[in-house]
Every structure is written in structure tokens, then in C-alpha cells.
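*Asks:* First the structure, then my questions, so here it is.
The values are calculated or read from the model by the stated rules, or taken from the named source; none is laboratory data. Values in this document were obtained by computation on a predicted structure and should not be read as measured data. Quick reminder, even Gly has a Cβ in these numbers, built from the backbone with ideal geometry, and neighbours come from all protein chains shown.
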Ligand SMILES: [Zn+2]
């Protein structure tokens with residue numbers, strides 16, 4: 001039966017009682033208190049306890065509980081850096097509500113610099129999970145029961161997969177009123193309307209009545225300073241909107257919602273000369289990259305199939321037939337409006353600084369023709 005996707009209502013009937021953020025295993029966390037929690041999720045072969053470190057921060061007043069998670073894919077640690085900043089920021093005074101901060105969810109993948117768990121499963125395809133299932137399934141169940149069930153809203157921080165980078169974009173199910181409201185207020189220029197693949201954390205959390213969306217930004221194995229700045233700005237925007245922090249919401253220069261995305265793939269192997277960078281706007285048929293063999297003989301010119309924005313791309317300057325080169329968010333309308341806004345942006349805006357920074361991972365040159 002299709003579950004109703006809507007914001008959690010405090011008066012909702014038929015749901016199991018929500019767990020309380022003030023009570024964790026044998027620990028009580030009072031209003032105005034902070035506490036580090038070790039959430040036990042498994043045991044190693046040698047019998048050591050495997051636990052997820054969690055920081056809980058409660059305001060002096062009751063209010064919404066928000067979880068912020070990172071490294072559900074164990075190699076995607078930009079978000080871990082952002083959450084670490086939040087935890088260490090003594091000036092972050094919550095006015096009301098509680099924060100559940102989890103810098104590394106997939107601790108077993110993280111130990112191996114890997115997206116995956118040691119059983120080669122993807123934790124972010126294993127939700128809602130089961131207490132009797134595989135390692136991934138058991139972990140997923142504990143995360144839902146212990147973190148998501150204590151929360152009213154969730155933000156899950158991701159990066160591009162290995163050898164790729166992403167221009168910051170939030171992704172969530174915009175049919176869910178809570179996701180739509182919070183994804184909008186996060187303040188990304190680009191929101192991708194996407195429920196997420198079966199088994200992902202955000203989808204399972206929404207089905208439990210906890211509106212959750214993800215940020216996709218930057219690369220694996222790095223804490224990139226501008227991605228960190230971008231993530232912190234968005235998280236604080238959400239907390240200000242919920243009345244949990246005082247301050248002023250910082251608006252992005254533009255907002256656009258992407259309903260459809262596509263990958264441009266190569267048909268040959270060889271050396272890629274890029275003509276676009278993450279965050280660039282592209283016009284239908286404009287050159288994306290030129291492919292030559294290793295001795296420089298032209299093989300193929302890749303073009304944009306539609307008007308769009310570069311959401312992500314490979315950082316590897318070599319490719320083979322079928323490999324994804326550039327991920328484009330399709331813009332059915334509004335491209336001219338965005339172009340005009342971006343053209344007038346000052347170089348010191350976060351939008352321009354992060355575009356400049358992400359493009360430094362690749363070499364971009366003007367195409368020879370066109
Ligand atoms: Zn991820």
C-alpha cells in the first residue's frame with residue numbers, strides 16, 4: 001500500500017510513539033545539555049564493539065529535533081567536516097529544539113575509505129532494514145530506530161561518487177510538503193525533485209513521517225572548504241527557519257527546480273578536453289568535451305542534449321565507451337533568467353567562489369570550433 005507522504009503531525013494517529021531525544025540507552029539529556037553518545041551497531045571479528053559516534057545538543061526550550069548525517073557512503077566525508085564544525089562551534093546557541101549530529105554514519109566503510117560496507121553492500125540501498133537481516137540491513141534498522149525515530153526532520157550530506165565532483169544541489173521528494181519547505185529554505189540554487197532510489201535513507205525517513213533531503217556537493221575523500229561553507233550555510237538556514245537558531249536566512253542568487261537529469265557518455269576511449277565546469281549553464285547542442293586519442297587525434301565531440309546546468313562531472317580526464325562524463329540537470333525553462341542573474345554576480349559571492357573552486361579539479365578550455 002502506498003504510504004501517505006506528508007509532514008509528521010504531532011497529532012498523527014496510528015504511528016508507533018516517537019522516541020524521545022532526551023533519552024538514549026541509559027543516558028538522559030536534559031534541556032540545555034549536550035552529550036556525546038555511542039550508538040552500538042555491530043561487533044568486529046575480534047569482538048570489539050562497533051559504534052556510531054553521535055553528538056546531541058539540546059536547547060533550553062523544547063522544539064523540533066533535526067538530524068544531520070554524513071558519510072552514509074563511507075568515503076563521502078565533506079559532510080563529516082561540516083558536522084564537525086557544527087559540533088565544535090561553541091557559539092552555536094540553539095534557541096529551541098534539538099540537534100542530532102552524526103559526522104560518520106557508515107563507520108565500517110569510513111574505516112576502509114570506502115562507499116560500501118565490508119559485506120560489499122551499499123548502506124544507502126539497505127533502508128528500512130531489519131534486525132534479522134544482513135550487516136547492512138541491521139545497521140540501517142538501528143539508524144532508523146535510534147536516529148530518525150527521534151527526529152522531526154533530517155538533512156543527509158553526500159558528495160559525488162569516486163572520480164567525480166558535484167556542484168552543490170539538494171535532492172528530495174518535493175511532493176512531501178516538509179521536504180519541499182526545508183529543501184527550499186536550505187538555499188541551494190539547484191533542487192532536484194527526486195524521491196531517491198529504493199532503500200535510501202531519505203526515502204525511508206520520509207516514509208516514517210520524517211521529512212528528509214540530501215545535499216550532494218563536491219568529491220569523495222576530501223573536506224573542501226567551500227563545500228563545507230556551503231553546507232553550513234544551508235543547515236543554519238534550515239535551523240533559523242525552524243526557529244531553532246536566531247539569525248537571518250541567506251538567500252541564494254537564484255533557485256531552480258530540476259525534474260529530470262541525464263548523463264552524457266562517451267562512445268570512444270581517450271583523452272577528455274573539457275569545455276564546461278560544475279555549475280555552468282549549457283545550451284542544447286553546445287560542446288561539453290572533445291575526445292582525442294592519446295596522441296591528440298580528434299575522435300568525438302560531446303554535446304549537451306538539452307538546455308541545462310552541469311550538476312556533476314568526471315574529474316578523470318580519460319574515458320572509455322559508455323563511461324559517464326557529465327551529469328546535466330535539464331532546464332525546460334528559465335535558463336535566460338538564471339544566466340542574467342549569474343552574469344551580474346560579484347566574484348566574492350559563495351556561488352562564484354564555489355564554481356571557481358570546483359572547476360580547479362579539472363582543466364577547462366574553450367572549444368576550437370563553434
Ligand atoms: Zn552518497
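*Asks:* If a residue has to be touching a helix residue (DSSP H, G or I) at 6+ places or on another chain (Cβ under 7 Å) and surrounded by fewer than 22 Cβ atoms within 10 Å (Cβ to Cβ) to count, how many in the stretch 52-71 make the cut?
*Replies:* Residues flagged as touching a helix residue (DSSP H, G or I) at 6+ places or on another chain (Cβ under 7 Å) and surrounded by fewer than 22 Cβ atoms within 10 Å (Cβ to Cβ) within the stretch 52-71 amount to 1.
*Asks:* Could we say that residue 269 is over 26 Å from residue 83 (Cα atoms) and in contact (Cβ under 8 Å) with a residue 24 or more places away in the chain here?
*Replies:* Yes, satisfied.
*Asks:* Residue check, residue 133 against (1) within 17 Å of the chain's Cα centre (by Cα); (2) more than 16 Å from the ligand (Cβ to nearest atom); (3) part of a loop (DSSP other than H, G, I, E, B), all met but one. Which one?
*Replies:* Every condition holds for residue 133 apart from (1).
*Asks:* Let me ask another. Just one of the numbered conditions (1) within 15 Å of the ligand (Cβ to nearest atom); (2) more than 15 Å from the chain's Cα centre (by Cα); (3) part of a loop (DSSP other than H, G, I, E, B) is not true of residue 174; which one?
*Replies:* Status for residue 174: all satisfied but (1).
*Asks:* Continuing with the same structure: Kindly list, by first and then second residue, each pair from a residue in the stretch 210-239 that is more than 18 Å from residue 115 (Cβ to Cβ) and in a strand (DSSP E or B) to a residue that is at pLDDT 95 or above and more than 16 Å from the ligand (Cβ to nearest atom), limited to pairs with Cβ atoms under 6 Å and residues at least 6 apart or on different chains.
*Replies:* Short answer, once both residue conditions are applied: 212/206; 213/179; 213/183.
*Asks:* Could I ask something else about it? Restricting to the stretch 93-107, and then to whatever is more than 17 Å from the chain's Cα centre (by Cα) and at pLDDT 95 or above, can you tell me which residue is farthest from residue 63 (Cα to Cα)?
*Replies:* So the residue we want is 107.
*Asks:* Would you mind stating whether residue 203 is within 16 Å of the ligand (Cβ to nearest atom), out of contact with any helix residue (DSSP H, G or I) (no Cβ under 7 Å at 6 or more places or on another chain) and part of a helix (DSSP H, G or I)?
*Replies:* On the way: within 16 Å of the ligand (Cβ to nearest atom): yes; out of contact with any helix residue (DSSP H, G or I) (no Cβ under 7 Å at 6 or more places or on another chain): yes; part of a helix (DSSP H, G or I): yes.
Taking the combined requirement at face value, the residue satisfies it.
*Asks:* Which ones in the stretch 151-171 are over 18 Å from residue 238 (Cβ atoms) and part of a strand (DSSP E or B)?
*Replies:* 164, 165, 166, 167
*Asks:* List every residue pair whose Cβ atoms sit under 6 Å apart, with the two residues 6 or more apart in sequence or on different chains, where the first one lies in the stretch 150-163 and is closer than 19 Å to residue 113 by Cα and touching a residue at least 12 places away in the same chain (Cβ under 8 Å) and the second, anywhere, is near the ligand (Cβ under 8 Å from one of its atoms) and part of a strand (DSSP E or B).
*Replies:* 156/214; 158/214; 158/216
*Asks:* So residue 197 clears everything in (1) more than 25 Å from residue 308 (Cβ to Cβ); (2) out of contact with any strand residue (DSSP E or B) (no Cβ under 8 Å at 6 or more places or on another chain) except one condition, right? Which one?
*Replies:* (1)
*Asks:* Which of the residues belonging to the stretch 49-70 are assigned to a loop (DSSP other than H, G, I, E, B) and farther than 14 Å from residue 154 by Cα?
*Replies:* Hits for the stretch 49-70 are 59, 60, 61, 62, 63.
*Asks:* Yes or no: the stretch 219-230 includes at least one residue that is within 14 Å of the chain's Cα centre (by Cα), crowded, with 21+ Cβ neighbours inside 10 Å and closer than 17 Å to residue 124 by Cα.
*Replies:* yes
*Asks:* Scan the stretch 84-111 and report the pairs whose first residue is surrounded by fewer than 22 Cβ atoms within 10 Å (Cβ to Cβ) and whose second residue is modelled with pLDDT under 95, with Cβ atoms within less than 7 Å and a gap of 6+ or a chain change.
*Replies:* Once the first residue is surrounded by fewer than 22 Cβ atoms within 10 Å (Cβ to Cβ) and sits in the stretch 84-111, its partners that are modelled with pLDDT under 95 give 86/92.
*Asks:* If I ask for residues that are out of contact with any strand residue (DSSP E or B) (no Cβ under 6 Å at 6 or more places or on another chain) and either modelled with pLDDT under 95 or away from the ligand (no atom under 15 Å from the Cβ) (or both), which ones from the stretch 54-80 would you list?
*Replies:* The answer is 59, 60, 61, 62, 63, 64.
*Asks:* Run down 193, 237, 166 and say which single residue is buried (at least 21 other Cβ atoms within 10 Å of the Cβ) and more than 16 Å from the ligand (Cβ to nearest atom).
*Replies:* 237
*Asks:* For residue 101, state whether it is outside any loop (DSSP other than H, G, I, E, B), away from the ligand (no atom under 16 Å from the Cβ) and in contact with a helix residue (DSSP H, G or I) (Cβ under 8 Å, 6 or more places away or on another chain). Steps first, please.
*Replies:* Numbers: outside any loop (DSSP other than H, G, I, E, B): yes; away from the ligand (no atom under 16 Å from the Cβ): yes; in contact with a helix residue (DSSP H, G or I) (Cβ under 8 Å, 6 or more places away or on another chain): yes.
Yes, satisfied.
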